[in-house]
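Novice: Pasting a structure here, questions to come.
Derivation of every value follows stated rules applied to the coordinates shown; laboratory data play no part. Every value quoted in this text rests on a predicted model; they were computed, and no experiment measured them. Note that each Cβ is placed from the backbone with ideal geometry, even for glycine, and that neighbours are counted across all protein chains shown.
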Amino acid sequence: MRNSSITNVSRRGLLGGMGAGAFVLAVGLPRPGRAQEEEPEFGRDAMPNGWRDDPKIFIAIAEDGTVTVTCHRQEMGQGVRTSIAMVVADELGAEWDNVRVTQAPGDEEKYGNQDTDGSRSLRHHFMPLRRAGAAARTMLEQAAAAQWGVDVAEVKADGHKVSHAGSGKSLGYGELAAAAMDLEVPARDSLTLKDPSEFRYIGKNSIGLVDNMDITTGNTTYGIDVRREGMLYAVVARPPVYGGKVASLDDSAALAIDGVEKVVQIDPAEFPTEFAPLGGVAVIAKNTYLAMKGRDALQIEWEDGPNAEYDSEAYRESLSQAANSDGGKVIRDEGDYDAAAAGAAQTVEAEYYIPHLAQAPMEPPAAVVEIKDGKAEAWACVQAPQVTRLRLAERLGLSEDAVKVNVTLLGGGFGRKSKPDFVLEAGILSQAMDGAPVKLTWSREDDIRHGYYHTVSVEKMTAGLDADGKTIAWRHRTAAPTIGSIFAPDPAQKLPFELGMGLLNMPLAIENIRAENPQAQAHVRIGWYRAVSNIPHAFAIQSFAAELANAAGRDQKDYLLELIGPARQIDPTNQGDVWNYGENPDVYPVDTGRMAAVVEAAADGIEWGREMPEGRGLGIAGHYSFVSYVAVAAEVEVVDGEVMVPRVSIAIDCGAHVNPDRIRSQMEGAVIMGVGQALMTEVNFAEGRAQQGNFDSYLIPRMDRAPKRIDVHLVGDDAAYDRPLGGVGEPGLPPVVPAITNAVFAATKKRIRRLPIADQLRS
Amino acid sequence: MVKLVINGEERQFDGDQDTPLLWVLRDEMGLTGTKFGCGIAACGACTVHIDGAPSFACVTPVGVLEGAKITTIEGLSENGDHPVQEAWRDLNVAQCGYCQAGQVMQAAALVDQYDTVTDEDIDAVMSANLCRCGTYPRIRAAVKQAAAAKSGTKEAEAQ
Ligand code: FES
Ligand code: FES
């Protein structure tokens, strides 16, 4: 049973076995992946290097019948290794007990796009992988029919064998693999996909995680676990301020420690820093402890550079000032906001603040790099192995072909591991040690203090209500440093994809809408964090919707549904959102009917409207992101200013379901991450330095603060497999926080406009 | 030089006696099932059993462990069939899985020690272990399931 981990696969020599004929179906040249006739500008077609559906890339069948599925998307807890294997195995007609999973290295030329972000793995690869499975099944049928001299239409592959009803003959997949390999891959349009009624794994709850046994017995390999012969261990002291560098170094005490091998300076990153290491001083030693001890013994004076003044409190004030001023870039303008606002019976305004956050995956960034005979090999927990390969090659002065990036399991990612700076550090240090394998480990303090932080933002909302309490004017000003600042000279303006995360495509039925984006400079590395700009946008919009309900004297849920308005399909490009999560707006319009349905489902799930005792309250919020619809209803209890969230109901419509259990687990996890963001999680800066460093100050929920009850409701057409899928990994998160703060208002009449709540409710 | 018993095997370590058990296990013995998450006793990723008691390997200097019996996730059961491990698989508790070795070791000590496990016990004991993926609801359910299975076993043994 313990056979799906990366270590075991390579240990048993399966990969080597391919050349020896054991994995016969895997041999062969891939056919070109991108279909010429399909639209190139959207979805999977528009991703760098597109997609592949060649069974010879993804499926290997050994002579004993073992099916090995190659997973080209990175596993970080979303269950993709299991889900991809389910898709392929189902179409292939394989028996689950005979299916193994192996992880692809970074090679987009071969596998198509491998960036595991944007909640895209199944959305983009479900259909290509189904076709890969169906093509292999067809080849097995053709091989059997040829062997028996019967028409291929008379045979059927299923249950790991091909059978001929007429003669009662059957042959196992292992017996047919060699002959099937010699066949041409059938043309894409000749394939017959299974009817969903025939699915045995897709959409079913019965499949356990492929890595379950390894995870529960400690047999997994994450980036931090990789071991190589003669390996050295390293940690790096990085500039405490973004853009700083070493002014002076005394490493004599570090080098005096028995087991410290070398101290190496790494050049400071230049702006824009992208994925370059931040620079600093590395200590390389015989084990991790000695490397850390050596680092503690370094005497370094830093030159702090241009961000030495960065102070979160002052910065919040500057964002607030920008968001309260006219003249910000107008990014959305429908109807006549000024006229409608001027004629309003009632004006409501509110300003919301969200601090920086660190992804803080439980496995901190870690990687091993080894350089031999002019070739570098990395083992790393990376979400984006292809860009890791490219940047590592550049940094080491090698060609792309001379660099291999093996992907381990990721102990969480949440966007942090989309940036391969830590792998480059390992590469630089291996080079400094004449190519010896070096494991570079980030301590938790390194992770919290030198991150790619979630942006910090002020969202200023203003609305006008008419005499009946209807919202007739809506203005949203968003001020936040952009992720664009790591890729180019700081544009100080949010990029289209950031604005497209719930702001430009905000679907509320209000006639007069204006959105503005005043400037904001970045002073730390800003990076993707699960759900990205949807977090501040959803917090502001869904809090404000509840504030408007209150101003109108209406029930929060009823008012939200009224704001969502009648069921309709919105083309977001008409609202200035040219991004639309990279998807075709004809295929993926914003559907307000689906939005309303998840709001109703979340409300039903929490028994909305029930009488609440003193100190308790219910709140609700809905948000569209990653082309899925999610609503959250939360129950809170506030005692002595402490907020507990005993119960949450979360409803998602993500289209048809591939792995329903993993949809549920992603929603559960999103709720708990959101509880943290509402109650306790933040990173602040003073004098350019992060004020938090480890889990004693960077707070995330523990068991005792997690909701005792989380009900997940899967809404919508769960079997519409011919229709486009939505994302799952990220869209659960954005509505959690406003649902909680709206519930806090219901419980206490105190409106939370600044996150986290921390001690704001203590008197 | 310190001698200790790790998963039933006698081992010794003659390096820096201040080295935390965590790095001895991971870097020197190759037992990477025990994870690093914080290094300051704040996350539980490094939970092992020292003479049967759940302990943070990251803050335990190896030098104090002369003669101690250490159990890591690799040695919790012969075939991965401790009731906690089975419940974990049965309920698909894991997401990324990184924290789960520590969670399993913490939970195993809990259900091995007590015949009944309440929600309050779970809050008190399992709050030592962080999970960034947010698997707490399933951990709670799995601990209860394992405790029930375990007490079932005990009853069977008593008969
Ligand atoms: S690594 Fe030991 S408690 Fe976190
Ligand atoms: S499962 Fe990922 S940290 Fe717990």
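Novice: Using 18 Å as the cut-off for backbone N distance, which residues of the range A:662-699 belong to the label zone defined by a point 7 Å from the Cα of A:ALA758 along Cα→Cβ?
Specialist: A:675-699
Novice: For A:ASP189 and A:GLU274, what is the calculated FRET efficiency with R₀ set at 41 Å and r taken between the beta-carbons, to the nearest 0.05?
Specialist: Working: r = 41 Å, r/R0 = 1.00.
FRET efficiency, A:ASP189 to A:GLU274: 0.50.
Novice: Report the full-extension gain for the segment A:SER318 to A:ALA178: residue separation times 0.36 nm, less the Cα-Cα distance, to one decimal in nm.
Specialist: Values: separation 140, 0.36 × 140 = 50.40 nm, distance 6.78 nm.
The span from A:SER318 to A:ALA178 would gain 43.6 nm if fully extended.
Novice: Quick one: among B:CYS131, B:CYS96, B:CYS58, which has the greatest mean-square fluctuation in a GNM of chain B with alpha-carbon springs under 10 angstrom?
Specialist: Its mean-square fluctuation being the largest, the pick is B:CYS96.
Novice: Extension gain A:GLU614-A:ASP336, at 0.36 nm per residue separation less the Cα-Cα distance, in nm?
Specialist: Values: separation 278, 0.36 × 278 = 100.08 nm, distance 4.28 nm.
Gain on stretching A:GLU614 to A:ASP336: 95.8 nm.
Novice: Let me ask something additional. When the Debye formula is applied to the Cα atoms of the range B:83-151, each taken as the same point scatterer, what base-10 log of I(q)/I(0) results at q = 0.12, 0.13, 0.14, 0.20 Å⁻¹?
Specialist: Once normalised to I(0) and log-transformed, intensities are -0.24, -0.28, -0.32, -0.68.
Novice: Kindly provide the trypsin sites (Lys or Arg not before Pro) of the range B:62-159 that DSSP labels as loop, not H, G, I, E or B, and whose Cβ sees at most 13 other Cβ atoms within 10 Å.
Specialist: Details: sites: B:LYS69, B:ARG89, B:ARG132, B:ARG138, B:ARG140, B:LYS144, B:LYS150, B:LYS154; in loops: B:ARG132.
Taking the range B:62-159 and a limit of 13 other Cβ atoms within 10 Å, no loop trypsin sites (Lys or Arg not before Pro) are found.
Novice: Binning every alpha carbon pair distance of the range A:11-216 at 10 Å from zero, what are the percents per bin?
Specialist: Binned Cα distances yield the sequence 9, 36, 37, 16, 2, 0.
Novice: Dipole of chain B, Cα-centred, from +1 at each Lys and Arg C-beta and -1 at each Asp and Glu C-beta, to the nearest 20 debye?
Specialist: Values: 12 positive and 22 negative charges, 103 e Å.
Value, rounded to 20: 500 debye.
Novice: When only DSSP loop residues count, what GluC sites (Glu not before Pro) in the range A:248-321 have their Cβ near at most 10 other Cβ atoms within 10 Å?
Specialist: Values: sites: A:GLU261, A:GLU270, A:GLU274, A:GLU301, A:GLU303, A:GLU309, A:GLU313, A:GLU317; in loops: A:GLU270, A:GLU274, A:GLU309.
Passing sites in the range A:248-321 are A:GLU270.
Novice: Something else about it: Of the options A:THR482, A:ASN584, A:ALA540, report the single residue whose Cα projects farthest towards the positive end of the charge dipole of the range A:449-593 (beta-carbon charges: Lys, Arg +1; Asp, Glu -1).
Specialist: The one lying farthest along the dipole's positive direction is A:THR482.
Novice: Among the listed pairs A:LYS375/A:LYS404; A:LYS262/A:LYS404; A:LYS329/A:LYS419, which are separated by more than 18 Å between their Cα atoms?
Specialist: Values: A:LYS375/A:LYS404 8 Å; A:LYS262/A:LYS404 26 Å; A:LYS329/A:LYS419 30 Å.
Among A:LYS375/A:LYS404; A:LYS262/A:LYS404; A:LYS329/A:LYS419, the Cα-Cα distance tops 18 Å for A:LYS262/A:LYS404; A:LYS329/A:LYS419.
Novice: Shifting gears a bit: Rounded to the nearest 0.05, what FRET efficiency is calculated for A:ASP267 and A:ASP64 with R0 set to 51 Å and r the Cβ-Cβ distance?
Specialist: 0.50
Novice: Also, quick follow-up: One quarter of the convex hull surface, Cα atoms only: what value does that give for chain A in nm²? Walk me through the intermediate numbers first.
Specialist: Working: hull surface 133.4 nm².
Mean projected area for chain A: 33.4 nm², to one decimal.
Novice: Per DSSP helix of 4 or more residues, -39500 (n - 2.57); summed, then divided by the residues of chain A. What does that give at 222 nm, rounded to the nearest 500?
Specialist: Helix contribution divided over all residues of chain A: -8500 deg cm²/dmol.
Novice: Calculate the dipole size of the protein assembly as shown relative to its Cα centre from +1 charges on Lys and Arg beta carbons and -1 charges on Asp and Glu beta carbons; express the result in debye to the nearest 20. Let's see the in-between values first.
Specialist: Working: 88 positive and 128 negative charges, 97 e Å.
Dipole of the protein assembly as shown, to the nearest 20 debye: 460 debye.
Novice: I've got another one for you. Quick one: Kirkwood hydrodynamic radius for chain B, alpha-carbon pairs, angstrom, one decimal? Display every interim value, and only then the final one.
Specialist: Working: mean 1/r = 0.0629 Å⁻¹.
About 15.9 Å, per the Kirkwood formula over Cα pairs.
Novice: OK, next. Taking Cα atoms, how many degrees apart are the long axis of helix B:136-158 and the longest axis of chain B, rounded to 10 and kept between 0 and 90?
Specialist: Between the helix axis and the principal axis of chain B, the angle is about 80 degrees.
Novice: A further question on this structure: For the range B:55-156, which GluC sites (Glu not before Pro) pass both filters: DSSP loop (anything but H, G, I, E, B) and at most 14 other C-beta atoms within 10 Å? The partial results should precede the final answer.
Specialist: Working: sites: B:GLU66, B:GLU74, B:GLU78, B:GLU86, B:GLU120, B:GLU155; in loops: B:GLU66, B:GLU78.
Within the range B:55-156, the qualifying GluC sites (Glu not before Pro) (loop, at most 14 other Cβ atoms within 10 Å) are B:GLU66, B:GLU78.
Novice: Same structure again: Given 4 °C and 1.567 mPa s, how large is the Stokes-Einstein diffusion coefficient of the range B:2-75 in µm²/s, with Rh as the Kirkwood radius over Cα pairs? Write down the numbers at each step before the final one.
Specialist: Numbers: Rh = 11.8 Å.
Taking Rh from Cα pairs, D becomes 110 µm²/s.
Novice: Let me check against my output: what whole-number percent is the relative contact order of chain A, with C-alpha pairs under 8 Å and at least 6 apart? Please report the intermediate quantities before stating the final value.
Specialist: Working: 1832 pairs, mean separation 98.5, N = 763.
Here the relative contact order equals 13 percent.
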